[in-house]
Structure formats: C-alpha cells, structure tokens
Amino acid sequence: MNSLQVVSSSRFLLFATWFVAITSVPSAALYQQGLDAGTKPSAIHTPYDSSTFVLNIALIAAWITTSRWLSSIPGVPRGVVWWGWIVPVASLFVPRRVIGRAIGDRIERGQINLWWGCWVGFNVVANLGLAESLVSATPINPIKPAYEIAAACLLTGSYFTWRRIVATLSS
C-alpha cells in the first residue's frame, strides 16, 4: 500500500460524502412527501438511500487502505491501527494518537488536531439526523441536508490536512 492509494481512497470518500450531501436535498423533500401522504417510513425510498450505500463502501475502502498503509510504517502497532478506528470510545482518540506518534515533530500538532477535529466532527454531524429520528416518538424525516452539507464541509477540511499528513509520513 502506498500513499497515493491512501490519498485516492480518501478522495473517493470525500466524493461520496459530497454525493450524499447533494442528493440529500431533493431526497429530504421526497421523504417528507411520503410521510405527509401517510407512507410508512420503511416503504419510502429516495436517491439518498443509494448514495449512503456508496458512502459506506467508500468508508470501508478508506479504512482498509489507510490501515494497511499505516501498518507498513515502522513502530506503528498493527492491531491498534486496524481496530483503533472502529472500537467505540477508543475510536475517538486512538487514531489521532497513532498518527501523532508516527509523525513525531515533522508536522505541527495543530495540523494533526485540525485533521482529527474535522474527522470526528464529520462523523458526529453526519449521524445527527439518524440519531434524531431514532429518539423521536413519531416518524420524522431523518434526511437533514444541513447536517449532510456541514459533514461534507468538515470532511473537506479533514481531507486537505490528511493529505499533508500522508505526504509527511511518506517522505
């Protein structure tokens, strides 16, 4: 695995995230029309459903590519690299710690914090609409374009900082 593959999989994730954000706008209206017509939420299908499927594929591809690449860096513990991204609670700090240790003082800590803050923010904001719909007593529209667009903006910030981190670790 090389740094070009890591950046490419990250770019695919960024594209998929913006695709979800863009499709969320008309899909939210379609979903609401279905709710207003009395359609059961489980029977409402929109382009957003397909786009989130693509996003999940992109997330898995980026995780595998990045984990394989990080595992090849000397001194980076292999198990921590793979599981640190997906284990609840640990995923909030382990990947940032792994990158910080691997990169040493070759890049400012502020850059690492910016990347990590945007990444965690992306994950939180991208799931707010779903969380709201799960706690609601009545069926509500889980497609929230404002959240999707905000999540895409956060991932964009994370992506451009991540490219610098990858380039630094690869040099």
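The values are calculated or read from the model by the stated rules, or taken from the named source; none is laboratory data. The model shown is predicted, which means the values in this text are computed figures rather than measured ones. Every residue, glycine among them, receives a Cβ derived from its backbone with ideal geometry; neighbour counts consider all protein chains shown. SASA here: full protein model, heavy atoms, side chains in, ligands and nucleic acids out. Shrake-Rupley method; radii C 1.70, N 1.55, O 1.52, S 1.80 Å.
Picking from N141, N123, which residue would you name as being open to solvent by less than 80 Å² (accessible area, probe 1.4 Å) and part of a helix (DSSP H, G or I)? It would help to see each step written out before you state the result.
Working: N141 fails: part of a helix (DSSP H, G or I).
Just a single option satisfies the conditions, and that option is N123.
Return the only residue of I149, I99 being β-branched (V, I, T) and open to solvent by 50 Å² or more (accessible area, probe 1.4 Å). Criteria check complete, one pass: I149. Looking across R96, R106, R164, one residue alone is touching a Phe, Trp or Tyr at 6+ places or on another chain (Cβ under 9 Å) and touching a residue at least 24 places away in the same chain (Cβ under 8 Å). It is R164.
Taking the numbered list (1) at pLDDT 95 or above; (2) part of a helix (DSSP H, G or I); (3) open to solvent by 80 Å² or more (accessible area, probe 1.4 Å) in turn, S42 passes all entries but (1). Among the numbered conditions (1) open to solvent by less than 60 Å² (accessible area, probe 1.4 Å); (2) at pLDDT 95 or above, the only one that A37 does not meet is (1).
In the set F12, F19, F53, only one residue is touching a residue at least 40 places away in the same chain (Cβ under 8 Å), hydrophobic (A, V, I, L, M, F, W, C), over 20 Å from I140 (Cβ atoms) and surrounded by fewer than 21 Cβ atoms within 10 Å (Cβ to Cβ); that residue is F12. For the stretch 154-171, the candidate set comprises residues that are open to solvent by 70 Å² or more (accessible area, probe 1.4 Å) and within 17 Å of the chain's Cα centre (by Cα); within that set, the residue that is nearest to L30 (Cα to Cα) is F160.
Condition (residue is polar (S, T, N, Q), within 26 Å of F15 (Cα to Cα) and under 19 Å from the mean Cα position of the chain (by Cα)) applied to the stretch 136-145: is it met by at least one residue?
As a first pass, look at the stretch 136-145 and keep what is polar (S, T, N, Q): 136, 138, 141.
From the residues that got through so far, the ones that are within 26 Å of F15 (Cα to Cα) too are 141.
When the remaining residues are screened for being under 19 Å from the mean Cα position of the chain (by Cα), the result is none.
Scanning the stretch 136-145, I find no residue that is polar (S, T, N, Q), within 26 Å of F15 (Cα to Cα) and under 19 Å from the mean Cα position of the chain (by Cα), so the answer is no.
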